Amino acid sequence: MQKHEDFFHNVFEVVRLIPKGRATSYGAIAKYLGSARSSRMVGWAMNASHSQKQYVPAHRVVNRNGELTGKNHFPTPFIMEELLEKEGIKVLNDKIVNFNKFYWDPMKELEL
DNA sequence: TGGGTGACCATAG
DNA sequence: ACTATGGCCACCC
């Protein structure tokens with residue numbers, strides 16, 4: 001009960017650090033947090049992000065291929081794409097164009 | 001106790 | 001580009 005809440009909190013914290021106009025992957029966050037827990041849990045955390053008081057830019061988290069696999073978990077399926085486009089990230093066929101150009105790796109950017 | 005399910009990932013073919 | 005596996009671990013029967 002309490003254990004996973006800590007994990008969730010850490011995930012939310014990292015996601016909040018993602019700059020506007022950038023994006024990262026579930027696996028990158030899991031790895032940054034120690035990889036003791038799988039990237040599936042990051043997705044699980046995103047599932048709970050809607051009930052957070054603080055704003056969590058979940059739309060900046062995609063899978064390793066830059067695909068918007070979480071779009072169906074937003075209020076409407078097109079919100080995620082809209083938010084990304086609004087930040088200057090182009091999306092085509094539910095996939096970020098030039099993902100590596102926008103990729104934000106917490107391991108490197110947060111330099112730990 | 002155990003099986004099924006994920007907003008995943010790496011690897012192999 | 002695709003499928004198939006195995007690993008991952010919290011959650012829900």
**OP:** Just give me the residues in the stretch A:74-100 being without any contact (Cβ under 8 Å) to a residue 40 or more places away in the chain and either of a type in the set (S, T, N, Q) or within 16 Å of DNA strand C (Cβ to nearest atom) (or both), in sequence order.
**Re:** A:76, A:90, A:91, A:92, A:93, A:94, A:95, A:97, A:98, A:100
**OP:** Could you identify the single residue in A:71, A:31 that is within 11 Å of DNA strand B (Cβ to nearest atom) and under 24 Å from residue A:108 (Cα atoms)?
**Re:** A:31
Original post:
Mind checking whether some residue in the stretch A:30-37 is modelled with pLDDT under 95, away from DNA strand C (no atom under 11 Å from the Cβ), charged (D, E, K, R) and part of a helix (DSSP H, G or I)?
Top reply: yes
Original post:
Which of the following residues is assigned to a helix (DSSP H, G or I), within 8 Å of DNA strand B (Cβ to nearest atom) and either over 11 Å from the mean Cα position of the chain (by Cα) or buried (at least 20 other Cβ atoms within 10 Å of the Cβ) (or both): A:9, A:50?
Top reply: A:50
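The values are calculated or read from the model by the stated rules, or taken from the named source; none is laboratory data. Just so it is clear, the structure is predicted and the values come from calculations on it, not from any experiment. Every residue, glycine as well, gets a Cβ built from its backbone with ideal geometry; the counts of neighbours run over all protein chains shown.
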